[in-house]
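Here's the structure, in structure tokens; my notes come after.
The values are calculated or read from the model by the stated rules, or taken from the named source; none is laboratory data. These numbers come from a predicted model, not from an experiment. All Cβ positions, glycine included, derive from the backbone under ideal geometry; neighbour counts span all protein chains shown. To get the accessible areas, we keep the full protein, side chains included, count just its heavy atoms, and leave off ligands, DNA and RNA. Shrake-Rupley method; radii C 1.70, N 1.55, O 1.52, S 1.80 Å.
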Amino acid sequence: MSPSPVRSAGGLTAVATDLEVRGLRKSYGAVQVLDGVDLSVAAGEVAAVLGPSGCGKSTLLRLLAGLEEPDDGTITLGGEPLRGPSPTHPMVAQGATLFPWLSLRDNLAWGPSAARRSDADAVADELLVATGLTGFADALPRQLSGGMRQRAAIAQVLANRPPVLLLDEPFGALDAQTRLRMHEWLRGLLAERPTTVVLVTHDVEEALLLGDRLALLGRRPSRVIESSRISFGAERGRATLRDPRFVELKVQVLERVLAS
Amino acid sequence: MAEHTAPGPDDPGGLDEREPVITPSGRPRRRRRRLLGLVVPALLVTVWALASAAGWVSPRLLPSPGRVVEAGWAFVAGGGGATLPGVTPFDGAAGRHVGASVGRWLVAFALAVAVGVPLGAAIGLSRRTAELLDPLVQALRSIPITAWLPIALVWFGLGEGAARYLVFVGALFPIVIATADGASRVPRALVDGAVMLGTRRRDLGRKVYLPAALPAIVTGLRLGLTLGWMSVIVGELTGTTSGVGAMMWAAREVGRLDHIIVGMATFALVGLTGDLILRAAARPFVAWSDR
């Protein structure tokens, strides 16, 4: 699948890229974690990866981020083989990795500054608006709440306009109320900046609210045992949670996760 | 870019209304805490003054606070005409002695920083270097500073070189150990995060490891500064004729306990001042790690 250029509202061109994973294997010593994972994510699609605890969801994401080497298999982004960690496919994990000694504004400007872009400050200002944190530009990360830090961490990597974004249970540490608001925020953000996303989560509701595709991993050593499109419609928000079809789908998926 | 759907944190319909904790100014409480720290020293001086006035302790073993204050004044302002054995003056010689001690302290401390920080960073960041050097560092740091004195005298002879060497040894190990500890504890996620944001590998030391490890390094510098200062008196056993320690050794020969106590108070005052200056200088860089 070819890259699909999209234009963000701010005029910044982002290019969502398709992601292909073939026969991915990974072991730690005698423990085999992944055993031939295949996954295709179209450009601009959000793939939610669900699976039982300890099945290797986070390992898969670290491999996709280039932070670890697979024992076997291939990962391609837009047809190009993946080569180590890079701003083109950053990962945001549960514990937001903001730099604690820098202000929020400097954290958001880090990526563009590292790329020696002259518009680093303008990008940071734009992301402060996008995260609703303009009043906290000079605050240190520890002065922000968990939800604010997660928003900032996602915005920080989006500053580099990555074609692929990897999210490892990014809202797992937040309470249910904040998590729901974060889902709405992220959906809005991705609507403006189309990006190919792989979202690892243990939360079925989160997977169904955010994902366009659902990939279900089996028990360790795991592989994708089911990959299907979520055809629930683009407009998903807190009202969706009360929709009987959504509730039924959630129960079905939960049963499949438990059965896996 | 268009206004996003996420309202600000102050907006009740937005994200995180329960938002951040703004720390109130702690000035009045801090002032009260500082005053509280003076209570016990004030009590001890009162008991000391009462014991001296009542004759419970011999002035030869412990001169009265008044006598010490007089000696202290003479040390700073001169006028008493007292000269200690050898070529070591006392009256009006505070500047000379403090200047000499502080000079050898700072030179040796700067050298300890120049050696200790890179050495500690190497141990903290490289497992191979840690395996190679850490056992030696742990063994050497267990040697009391006084045990280095004979070898310092053999290597450097009497005087300045030996004194500086002993202060250097006193300051070095806390700096090495704290830096190694700080560097080894830099979260992997921060380093990975920086790489995924496009930071070049060669910039990671300056941009990630150094700032992340800085609170631990500053703690090591503070310990090194204090232990280096505590080593000054041992260094001044090496035949130096100036320095607070040299003055105290000369005072001991003639049994001038008031001069010795003035020297001890000077050590406390200068050491405390040095630590306060270092903390103030480091504060802008490590304030983020305050609890």
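Accessible surface of B:ARG200, taken over heavy atoms with a 1.4 Å probe and every protein chain present, rounds to 80 Å². Each residue, A:ALA115 and B:LEU44, gets one label point 7 Å from its Cα in the Cβ direction; the gap between the two is 6.0 nm. With a simple spin-label model that places each label point 7 Å from the Cα along the Cα-to-Cβ direction, the separation between A:TYR28 and A:ALA176 comes to 3.1 nm. Per residue of A:130-143, other chain Cβ atoms within 10 Å of the residue Cβ number 4 on average.
Taking only the Cα atoms of the range B:214-291, the radius of gyration and Dmax are 15.9, 52 Å.
Between A:GLU80 and B:MET230, the FRET efficiency from the beta-carbon distance, with R0 = 56 Å, is close to 0.40. The lysines within cross-link reach of A:LYS250, meaning a Cα-to-Cα straight distance under 28 Å and a gap of 8 or more places when in the same chain, are A:LYS57. Length gained on full extension, B:VAL154 to B:ARG188, computed as 0.36 nm times the residue gap minus the Cα-Cα distance: 7.6 nm.
Given the DSSP H assignment, sum -39500 (n - 2.57) over each helix run of at least 4 residues in the protein assembly as shown and divide by its residue total; what's the result at 222 nm in deg cm²/dmol, nearest 500? Display every interim value, and only then the final one.
On the way: 17 runs with 278 residues, N = 551.
Helix-only estimate at 222 nm: -17000 deg cm²/dmol.
The value given for the range B:73-186 is a Kirkwood hydrodynamic radius of 16.3 Å, derived from the mean inverse Cα-Cα separation.
In summary, no helical segment of chain A meets the span-like criteria, namely a full DSSP H run, a Cα extent along the axis of 20 angstrom or more and a mean Kyte-Doolittle hydropathy of at least 1.6. For chain B, the spherically averaged projection of the C-alpha convex hull amounts to 22.9 nm².
Only Lys, Arg, Asp and Glu carry charge here, each on its Cβ (+1 for the first two, -1 for the last two); on that basis the protein assembly as shown has a dipole of about 1320 debye about its Cα centre.
Compute the FRET efficiency between B:VAL107 and B:LEU132 as 1/(1 + (r/R0)^6), taking r as their Cβ-Cβ distance and R0 = 30 Å, and round to the nearest 0.05. Present the calculation step by step, with values, prior to reporting the outcome.
Working: r = 29 Å, r/R0 = 0.96.
That gives a FRET efficiency of 0.55.
For the protein assembly as shown, what proportion of DSSP beta bridges, expressed in % and rounded to the nearest 5, is antiparallel? In the protein assembly as shown, approximately 60 percent of DSSP beta bridges are antiparallel ones. Within the listed set A:LEU127, A:LEU104, A:LEU249, the Gaussian network model of chain A (springs between alpha-carbon atoms below 10 Å) gives the highest mean-square fluctuation for A:LEU249.
Using every pair of separate Cα atoms, the Kirkwood estimate puts the hydrodynamic radius of chain A at 18.7 angstrom.
The overall shape of the protein assembly as shown, judged from the alpha-carbon gyration tensor, is prolate: a/c is not under 1.5, and a/b is greater than b/c. Between B:ARG141 and A:VAL247, the simple label model (points 7 Å from Cα in the Cβ direction) yields a spacing of 6.2 nm. Atom-type composition of the exposed protein surface of the protein assembly as shown places 60 percent of the accessible area on carbon and sulfur (1.4 angstrom probe). As a length-normalised measure over Cα pairs under 8 Å and 6 or more apart, the relative contact order of chain A settles at 27 percent.
With solvent modelled as a 1.4 Å probe, how much accessible area in total do chains A and B shield from it at their shared surface, in Å² to the nearest 100? Let's see the in-between values first.
On the way: alone 11900 and 17930 Å², together 26440 Å².
Interface between A and B: roughly 3400 Å².
Counting only Cβ charges, +1 for Lys and Arg and -1 for Asp and Glu, the dipole size of the range B:88-290 around its Cα centre is about 740 debye. Using only side-chain charges placed at the Cβ, +1 for Lys and Arg and -1 for Asp and Glu, the dipole size of chain A relative to its Cα centre rounds to 200 debye.
Per residue, what accessible area does the protein assembly as shown have, given a 1.4 Å probe and all protein chains present, in Å²? Numbers along the way, then the final one.
On the way: 26440 Å² over 551 residues.
Value for the protein assembly as shown: 48 Å² per residue.
Hydrophobic, long helices, defined as DSSP H runs whose alpha-carbon span along the helix axis is 27 Å or greater and whose mean Kyte-Doolittle value is at least 0.0, occur in chain B at B:27-53, B:94-125, B:160-184, B:210-235, B:257-286.
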